[in-house]
Each structure stands twice: as structure tokens, then as C-alpha cells.
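Data block below; observations after.
The values are calculated or read from the model by the stated rules, or taken from the named source; none is laboratory data. Here the structure is a predicted model, which is why all the values come from computation and not from measurement. Backbone-built Cβ (ideal geometry, glycine too); neighbour counts: all protein chains shown. Calculation scope for accessible area: heavy atoms of the full protein, side chains included, ligands and nucleic acids excluded. Shrake-Rupley method; radii C 1.70, N 1.55, O 1.52, S 1.80 Å.
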Amino acid sequence: MELITGSAALARRLEAADAEIAALAASEIVSIAGGIVAFAGPASPLTHAIGIGMDGPVSERDLARIEQFFGERESPVIVDLCPFAHATLVELLGAHGYQPIEFNQVLVCDLTSVTPASDDRIRIVTTAELPVWSRTLAEGFLEHEPSAQELQVGADLFRMQGTVALLASVDGTAAAGGALLVNAEGVATLFGDATVTAHRGRGLQTALIRLRLAMAAERGGTIATASTLPGTPSQRNYERCGFRVAYTKVSMQRS
């Protein structure tokens with residue numbers, strides 16, 4: 001199957017999968033303007049609005065509801081802007097003083113030709129290993145001693161129904177982690193990638209990607225997606241595993 005990466009239909013499918021994960025990870029959600037507004041804590045990276053405007057126009061009232069939701073929870077107002085969202089969302093964000101704070105490459109891969117994969121360094125995480133997995137992700141992302149709130153992010157991801165969490169170890173020490181979720185529409189989302197600084201350069205992320213792709217195909221996935229910061233080793237690792245950029249989106253925050 002050939003993936004048409006400049007397709008609004010594909011973008012809607014990928015944004016819907018991302019919104020589904022946001023809803024599963026959040027403690028509180030509300031549906032607005034075709035997307036999900038999710039809250040998982042004021043400082044959590046899982047707190048944002050996603051998929052807004054993918055099904056049609058966004059009104060002043062819609063944006064006001066998003067801002068009220070975050071404001072009532074004393075959280076920054078962050079809206080993920082997909083380039084395929086309705087133009088009214090761009091206009092509203094500009095008029096209300098929103099500024100870009102982060103760009104992300106949304107990558108996609110066809111799963112129809114994925115081959116089996118295995119790696120003795122990697123295992124599926126059990127509930128008992130959740131604290132180790134959460135710490136590995138937090139240390140890999142942040143490169144400092146994580147706070148309790150930062151460790152909670154891993155727990156929020158782990159508890160999502162359908163999540164498969166993976167942990168890679170080197171000489172018995174937790175070194176890298178990642179997760180996978182395949183939704184009912186056959187979209188496999190790879191997320192949570194992190195490698196502890198001391199163990200980088202060993203091919204652990206690539207091994208985790210290849211194993212998750214094989215697992216996704218076994219679970220009925222037809223396409224896989226992941227998001228990375230532009231131009232990073234993570235983006236290059238995903239591209240080496242067959243992914244390509246579908247589009248770039250930006251996180252917008254009200255100043």
C-alpha cells in the first residue's frame with residue numbers, strides 16, 4: 001500500500017489516533033470542535049488540545065471553551081495545530097495571541113510488509129516493573145533526577161487500556177523504553193521513546209522501533225505513526241526503520 005503523506009484524510013486518521021491516546025492518558029477530557037481537550041496535570045506534557053478543527057470550522061465559542069477548561073484547572077492553554085486543520089483555527093489562534101512553543105514531525109509507516117523482529121535485551125513491562133519503566137522514560141527524556149510529577153507521566157501512559165510497554169536492559173540495568181498502542185482503526189502509535197544518556201549509541205531505540213512494528217502488525221495494525229522533534233536522532237532512527245514525515249505540526253500556547 002502506498003501512503004500519500006500529503007493527504008488530509010491520512011492527517012485526520014493520525015490526529016484521531018493521537019487524540020484517542022490523549023483521552024486515554026488524561027484524568028479529565030472534553031470534546032470540542034472535533035478534537036479532544038485533555039488534562040493530566042498543569043505541568044504534564046499530556047495536557048493539551050489535539051485534533052481541533054480537523055472536521056470543520058472552529059468558532060470563537062469553541063476556543064473560549066478550550067481556554068475555560070484549562071483556566072479552571074490553572075493550566076497553560078496549549079493547542080496542537082495540524083497543518084490540515086480548518087483555516088479558522090489558524091485565524092483564531094493568531095487573533096488571540098498564541099505563539100508556537102514546539103514543532104513535531106508526525107511520521108508514518110506502512111505495516112503491510114513488516115517482518116518479524118526480536119531482541120533479547122527487550123521485554124514487555126509488567127505492572128511490578130512500572131516504577132522502573134517510568135523512571136527510565138523520565139531520565140531519558142529529562143536527563144535529570146525526575147520529580148514525582150515527572151514520574152507520573154509514565155504511569156499515565158502505562159495505565160492506558162491497550163498499551164504495551166517495553167523495557168530494554170543492558171547488563172541487567174534498565175536502559176531504554178517505549179510503548180505501543182494499536183487502535184480499532186488499525187493505527188499503531190509508537191510513543192514514550194527514551195534512552196538513558198549512559199546507554200545511547202547502542203541501537204536500543206532502533207531495536208525498540210523494529211520490535212514494536214512487528215508487534216503492531218501482529219495485532220492487526222495497518223499503519224504506524226510516531227512523533228519526534230525535527231532533525232533529532234529519534235527522527236533519523238524512525239526514518240531508518242521505514243517511516244517518513246507525513247506533516248509537521250506545532251504546539252501553540254497563549255502568551
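Inspect region 72-83 for any residue being over 25 Å from Ala138 (Cβ atoms) and assigned to a helix (DSSP H, G or I) and give the result as yes or no. Checked region 72-83: at least one residue is over 25 Å from Ala138 (Cβ atoms) and assigned to a helix (DSSP H, G or I).
Going by what's in this entry, would Pro131 be described as touching a helix residue (DSSP H, G or I) at 6+ places or on another chain (Cβ under 8 Å), assigned to a helix (DSSP H, G or I) and free of Cβ contacts under 8 Å to residues at least 24 places away in the same chain?
Taking the combined requirement at face value, the residue satisfies it.
Residue under question is Ala198, and the condition is that it be more than 27 Å from Ala19 (Cβ to Cβ) and out of contact with any helix residue (DSSP H, G or I) (no Cβ under 7 Å at 6 or more places or on another chain); does it hold? Spelling it out, Ala198 is indeed more than 27 Å from Ala19 (Cβ to Cβ) and out of contact with any helix residue (DSSP H, G or I) (no Cβ under 7 Å at 6 or more places or on another chain). Checked against (1) open to solvent by less than 30 Å² (accessible area, probe 1.4 Å); (2) closer than 24 Å to Gly221 by Cα; (3) under 18 Å from the mean Cα position of the chain (by Cα), Arg159 passes all but a single condition, namely (1).
Annotation note: of Phe103, Phe69, the sole residue that is modelled with pLDDT of 95 or more, surrounded by fewer than 19 Cβ atoms within 10 Å (Cβ to Cβ) and aromatic (Phe, Trp, Tyr) is Phe103.
The single condition among (1) in contact (Cβ under 8 Å) with a residue 12 or more places away in the chain; (2) surrounded by fewer than 19 Cβ atoms within 10 Å (Cβ to Cβ); (3) out of contact with any His (no Cβ under 9 Å at 6 or more places or on another chain); (4) closer than 26 Å to Leu81 by Cα that Arg202 does not satisfy is (4).
Scanning region 22-35 for residues that are under 14 Å from the mean Cα position of the chain (by Cα) and either of a type in the set (Phe, Trp, Tyr) or open to solvent by less than 20 Å² (accessible area, probe 1.4 Å) (or both) gives Ala22, Ala25, Ala26.
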